[in-house]
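Take a look at the structure set out below.
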Amino acid sequence: MLLIGVAGTELTAQERAWLQHDAVAGVVLFKRNFASRAQVAELSAAIRTAAPRPQLICVDQEGGRVQRFREGYTALPPLAGFGALYAREPDAALALAREHAWLMASEIRASGVDLSFAPVVDLARGNRAIGDRAFSADPQVVAAFTRTYVAAMHEAGMAATLKHFPGHGTVLEDTHVDTAIDARSLDALLAEDLVPFTAGIAAGADAVMMAHVVYPKIAPEPAGYSPRWIRDILRGELGFRGVVFSDDIGMAASFSAGGVKARVDAHLDAGCDVVLVCHPELVEESLQAVAGRSLNTAALLGLIGRGALGWDGLLADARHPHTQSRLLEQLGKTA
């Protein structure tokens, strides 16, 4: 099962052909795919029309610097602001995080997009890629926000995805461009980085996205294609029964598996349900890589939205402007 990236704001003939392939489960959208609210809705509809089966359409709309859709959408504050507020007013911080999650999910659903990969539940401990995307350095604080955020996304009709398992926040390296190695023991991770994931799973999170980080005291390969992490720990010890996404196989830290086919095979063989192929130039080779594989075509059905809410419906909801004003008043407008 592959989630693929497309190049622009409209589908090309080649991309329409890709969507016909049995292995394509959906599309991940990026800034390059965005021009306006109306255009995103049209692109989402075109993706669904082009495919012979239901498609999962996804985006990273976390807020702060990771917000793919901008003009016409709330400029969502980064999660770090909630952690700072929690130190002063914990109840107020959790209430605002609930509003953030509801607003984010509602705006994405109004666009005809099923899923925003959220929340980030990594610890805020200095990782270059995570930075202010994380709530806090304190595992228990992040766990509290995780429970709240998952519940609010569900309230808005969107599945929740915990990322990046088993915790990307403590290593310094950015796995987009570098190898990342976390030398801690499993006991240390269970006491720290895994605490929010455990809380999120208990709260009913629907999916988990893996980290391209190596934890050599637990397994020799990155967690994203580690049977030990996925089958033994996530599925076995933590009892997770939802969907497991790889992170993007175009990221540098995934290259240790080998070429494109080797990366796709490694992630699927280890227990990932879905492999993210976010770079269009890798899609053709990835499709060739899954030839002959049995495909779990039902894995993502539970994540696909119940139909677009529509912007007219959302804007008519008094909660929308009230939530916008509360968030921006309390945490400031972050573009």
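The values are calculated or read from the model by the stated rules, or taken from the named source; none is laboratory data. All values reported here derive from a predicted model rather than from experimental measurement. Counting neighbours? That spans all protein chains shown, and the Cβs are built from the backbone with ideal geometry, glycine included. Side chains included, ligands, DNA and RNA excluded: accessible areas come from the protein's heavy atoms. Shrake-Rupley method; radii C 1.70, N 1.55, O 1.52, S 1.80 Å.
Summary of computed values
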quantity	calculated
Residues that are over 22 Å from the mean Cα position of the chain (by Cα) and either of a type in the set (Val, Ile, Thr) or open to solvent by less than 70 Å² (accessible area, probe 1.4 Å) (or both), drawn from segment 288-304	ALA289, VAL290
Residue match in segment 96-117 (condition: farther than 29 Å from SER44 by Cβ and open to solvent by 10 Å² or more (accessible area, probe 1.4 Å))	no
Residue count for segment 140-189, restricted to those that are more than 17 Å from PRO119 (Cα to Cα), part of a helix (DSSP H, G or I) and not small (Gly, Ala, Ser)	3
Residue pairs meeting the criteria (Cβ under 8 Å; at least 6 apart or on separate chains; first among the polar types (S, T, N, Q), in segment 12-23; second surrounded by 13 or more Cβ atoms within 10 Å (Cβ to Cβ))	THR12/VAL6; GLN20/ALA50; GLN20/ALA51
Segment 51-67 - residue that is farther than 18 Å from LEU11 by Cα and touching a helix residue (DSSP H, G or I) at 6+ places or on another chain (Cβ under 7 Å) and, of those, surrounded by the fewest Cβ atoms within 10 Å (Cβ to Cβ)	GLY64
Options VAL208, VAL244; residue that is assigned to a strand (DSSP E or B), farther than 19 Å from PHE135 by Cβ and touching a residue at least 12 places away in the same chain (Cβ under 8 Å)	VAL244
Residue tally, condition among the hydrophobic types (A, V, I, L, M, F, W, C) and open to solvent by less than 10 Å² (accessible area, probe 1.4 Å), over segment 172-198	4
Criterion: within 30 Å of GLY157 (Cα to Cα) and among the β-branched types (Val, Ile, Thr) - qualifying residue of VAL260, VAL290, VAL275, VAL264	VAL275
All positions within segment 211-241 that are open to solvent by less than 40 Å² (accessible area, probe 1.4 Å) and not in a loop (DSSP other than H, G, I, E, B)	VAL213, VAL214, PRO222, ALA223, GLY224, TYR225, TRP229, ILE230, ILE233, LEU234
Scope segment 103-119; condition within 16 Å of the chain's Cα centre (by Cα) and under 26 Å from GLY167 (Cα atoms); matching residues	MET104, ALA105, ILE108, ASP114, LEU115, SER116, PHE117, ALA118, PRO119
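Here's the yes/no breakdown for (1) in a loop (DSSP other than H, G, I, E, B); (2) open to solvent by less than 10 Å² (accessible area, probe 1.4 Å):
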position	(1), (2)
GLN14	no, no
TRP18	no, no
VAL27	no, yes
ALA35	yes, no
GLN39	no, no
GLU42	no, no
ALA46	no, no
THR49	no, no
